[in-house]
Amino acid sequence: MNALPVLQAAIEVDSSFGNPMMKMAQFEELSLPTEVSLLPQTWGWALLLLFIVFGLTVFAVKKGRHWWKNRYRKQLIEQLNSIDSSGGHVNCDVLTILHLGVGAAYGVQGSQARSLTGNRWLEFLDLCSGGNTLFNSQWGLDWQRACWMKPEEVPKTQHQNARLIAETRQWLLSHSEQLPSQAINGSDPVGQQANDMLINASGAKS
């Protein structure tokens, strides 16, 4: 038996053993799986996504409008917090802030209502706050009278000033966004006077 061909075959096999370059042709490239799209593949999911985007947009617009319309509350509260409760000007300073708040909240109608004085002004404030304040009281009348006094004549009542500032802060936080119908068309004195002022203003413009 001739062993030469067998020996040559063994040498050829051993010559490629452990040599990666000799075996590279035997490798096959692995194909990656198809990328999965994150977008909805059916019209139902696409419609649902559209409704969600629309709802979020409407919500953001409403929140933005609400913030823009009520930004004056925060600004006036900051002014209120800067008032020295022990000073003689606190009564007039608070009255100015409330006038600004009524005008900002109710526009032209609020500007007309700022002409109210005494009990009618105090009742108007309580009406707009939905009963969350108690301006229409004896200390409220004392505050109204103090607004007409000279600063040096105003009694230095720390407790009354602190209550006035607290009630004003509560009013700025809780007053209604729309002028209550009772303040315009109601039969109460506040509403009647406010209604008369609006009628007179409309007649003057015409």
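In region 166-183, how many residues are in contact (Cβ under 8 Å) with a residue 60 or more places away in the chain, farther than 14 Å from Asn132 by Cα and part of a helix (DSSP H, G or I)?
Selection size over region 166-183: 1.
Picking from Gln144, Gln193, which residue would you name as being at pLDDT 85 or above, assigned to a helix (DSSP H, G or I) and either over 27 Å from the mean Cα position of the chain (by Cα) or among the hydrophobic types (A, V, I, L, M, F, W, C) (or both)?
Values: Gln193 fails: at pLDDT 85 or above.
Exactly one residue qualifies, and that residue is Gln144.
In region 105-138, which residues are surrounded by fewer than 17 Cβ atoms within 10 Å (Cβ to Cβ) and not in a loop (DSSP other than H, G, I, E, B)?
Within region 105-138, Gly107, Val108, Ser111, Gly118, Asn119, Gln138 qualify.
Would you point out the residue of region 76-92, among those that are surrounded by 17 or more Cβ atoms within 10 Å (Cβ to Cβ) and in a helix (DSSP H, G or I), that is nearest to the chain's Cα centre (by Cα)?
Top of the filtered list is Leu76.
Out of all the residues in region 37-71, which are polar (S, T, N, Q) and surrounded by 11 or more Cβ atoms within 10 Å (Cβ to Cβ)?
Correct list: Asn70 only.
Condition first: under 16 Å from Ile97 (Cα atoms) and over 28 Å from the mean Cα position of the chain (by Cα). Now tell me which residues in region 123-141 satisfy that.
Going through region 123-141, the residues under 16 Å from Ile97 (Cα atoms) turn out to be 124-126, 128-129, 133, 135, 140.
Correct list: Gly140 only.
All but one of (1) in a helix (DSSP H, G or I); (2) out of contact with any Gly (no Cβ under 6 Å at 6 or more places or on another chain); (3) touching a residue at least 60 places away in the same chain (Cβ under 8 Å) hold for Leu95; which doesn't?
All conditions are met except number (3).
Okay, residues lined up against (1) within 30 Å of Gln158 (Cα to Cα); (2) at pLDDT 85 or above; (3) among the polar types (S, T, N, Q):
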{"site": "Ala10", "(1), (2), (3)": "no, no, no"}
{"site": "Asn19", "(1), (2), (3)": "no, no, yes"}
{"site": "Lys23", "(1), (2), (3)": "no, no, no"}
{"site": "Leu56", "(1), (2), (3)": "no, yes, no"}
{"site": "Ala60", "(1), (2), (3)": "no, yes, no"}
{"site": "Gln75", "(1), (2), (3)": "yes, yes, yes"}
{"site": "His89", "(1), (2), (3)": "yes, no, no"}
{"site": "Cys92", "(1), (2), (3)": "yes, yes, no"}
{"site": "Leu100", "(1), (2), (3)": "yes, yes, no"}
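The values are calculated or read from the model by the stated rules, or taken from the named source; none is laboratory data. Computed from a predicted structure; not experimentally measured. Every residue, glycine among them, receives a Cβ derived from its backbone with ideal geometry; neighbour counts consider all protein chains shown.
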